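None of the figures in this text is laboratory data; all of them are computed from the coordinates on show. Nothing here was measured: the structure is a model prediction, and the numbers come from that model. All Cβ positions, glycine included, derive from the backbone under ideal geometry; neighbour counts span all protein chains shown.
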Amino acid sequence: MSASKKGDLSPSEKELFEVITAGNVQEASRLLGCKDVRVNCLDEYGMTPLMHAAYKGKADMCKLLLQHGADVNCNEHEHGYTALMFAGLSGKTEITWMMLDAGAETDVVNSVGRTAAQMAAFVGQHDCVTVINNFFSRARLDYYTKPQGLEKEPKLPPKLSGPLHKVIMSTNLNPVKMVMLVKENPLLAEVEALDKCRRVMDLICEKCIKQQDMNEVLAMKMHYISCVLGKCASFLKDREDKLEGLLKSLLKGRDTDGFPVYQEKFIRECIRKFPYCDATLLQQLVRSIAPVEIGNDPTALSVLTQAITGQVGFMDAEFCTTCGEKGAEKRCSICKMAIYCDQACQKMHWFTHKKICKKLQEQREKQEAETAKLRMQQSKEESKAVQEATDSIQELSVETDSEAAPSNSEAETSDPVTIQAADN
């Protein structure tokens, strides 16, 4: 079929855009099978069906269009928007990831010079920003599963590519969560496998720094993952309790306030060991963390997370006390201060939380009592102010009435006609 021109649509193509808006995947599938329907047709604004589906947040529709060969990098929109930009604006992380996995380019800019990540950030879709900034295609990792040059064996066994890619794609940088990802996969939770994965992470880190288009953020993330995998390997070698011991070490809080000192020191050490000392990102991290005493804000994890994912520390969300996963909703029934994903995370954290649970409960109750007292005092002051204002208005009204009403003597002398009429 001929190349698409803006607004040059067949009746079936016009119907396709309407069907996408309605979200009817079955009807869209039928239309895409018609001879007069081009999957990359353009409406009058230069938007393709994929752009429409991405902007409207229709994940199933996006999947269908990609299966039919939709061009994820089409750039005919009147303002230079791409499908990835529309996905970021929609706030749907699933669709954003889908566009990236289909080969969407992240460095393309629109007519005002903004990338997809910058556009998503501008409208407050920080989760989509995180997905874009942390995306690493499976194809780039699979490169290491094939022997290169004179190699007889690949650097990464193919069976490890999937589990390792899952760790790489995680936007939760809490070391507890990463160790949990290692622990839940038997293929990954072996010393030899971890050592191979770690070497690949180091190679990718080096490549990110030395390539022409240097990517310090991705390099730092790969280095950090390498450090976590290395720590897992050392515990598997030396400890009978294996990764359970590492999880407890990372979670153990100090007796005074429950702050995970070992975890903080571990993350700081990971950053310090970044092999490229001249990197601007490393210098920024060190400047942010070095002056902060352990136990105070900002923590090393929060600084690292903001640098790598692009998420700001004051986002309105709850994070699991155990694994750091976003969206945790369950609270400790006693202190109601610790937040968890589920009972598994609460159970894992209880060994250290129980030492300060009662103290946290007392702090919460004291704070609630002080807040209630303050509110009551404010309420009394507001009531007093209202009453004083009311009294002042009433006094002013009385004074005004008394000034306006004439005395009897004034009435007798001021209107002689009336008096005369009365005498008559």
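Site pair Q363 and T390 shows an inter-label distance of 4.3 nm when each label is modelled 7 Å from Cα along Cα→Cβ.
Each residue of the range 107-112 was assigned a 3J(HN,Hα) from its phi angle through the Karplus curve 6.51 cos²θ - 1.76 cosθ + 1.60 (θ = phi - 60°); the sequence is 9, 5, 10, 8, 5, 9 Hz, with glycine and proline shown as x.
Pairs of C-alpha atoms in the range 316-400 farther apart than 15 Å represent 70 percent of all such pairs. Loop-located GluC sites (Glu not before Pro) in the range 158-257 (DSSP state not H, G, I, E or B) with no more than 14 neighbouring Cβ atoms inside 10 Å: E184, E240.
Residues M348, M99 in ascending order of nearby Cβ atoms (within 10 Å, fewest first): M348, M99. Largest GNM mean-square fluctuation across E78, E18, E381, computed for the chain with C-alpha springs under 10 Å, falls on E381. Full extension of the segment from R331 to E184, taken as 0.36 nm per residue of separation minus the current Cα-Cα distance, would add 50.5 nm.
How would you classify the chain from its alpha-carbon gyration tensor, with a ≥ b ≥ c the square roots of the eigenvalues: rounded for a/c under 1.5, else prolate if a/b is greater than b/c, otherwise oblate? Judged from the Cα gyration tensor, the chain comes out oblate (a/c at least 1.5, b/c at or above a/b). Quick one, what does Rg over Rh come out to for the range 41-171 if you take C-alpha atoms and the Kirkwood Rh? Using Cα coordinates only, the ratio equals 1.05. Residue separation of E192 and K273 scaled by 0.36 nm, minus their Cα-Cα distance, works out to 26.9 nm of gained length. Computed from the Cα positions only, the extents of the range 127-250 along the three principal axes stand at 44, 40, 21 Å, in decreasing order. For the range 268-359, averaging the sequence separation of C-alpha pairs within contact (under 8 Å, six or more residues apart) and dividing by the residue count gives a relative contact order of 15 percent. When H68, H79 are arranged by Cβ crowding within 10 Å, least crowded first, meaning fewest neighbours, the order is H79, H68. How many nm separate the modelled label positions at Q148 and D257, each set 7 Å beyond the Cα in the direction of the Cβ? Spacing of the two 7 Å Cα→Cβ label points: 4.6 nm. Of the chymotrypsin sites (Phe, Trp or Tyr not before Pro) found in the range 273-353, those that fall in a DSSP loop while having at most 10 other beta-carbon atoms within 10 Å are F314. For the range 6-68, pairs of C-alpha atoms spaced more than 13 angstrom apart make up 54 percent of the total. Arranged from fewest to most other beta-carbon atoms within 10 Å of their beta carbon, T48, T371, T321 become T371, T321, T48.
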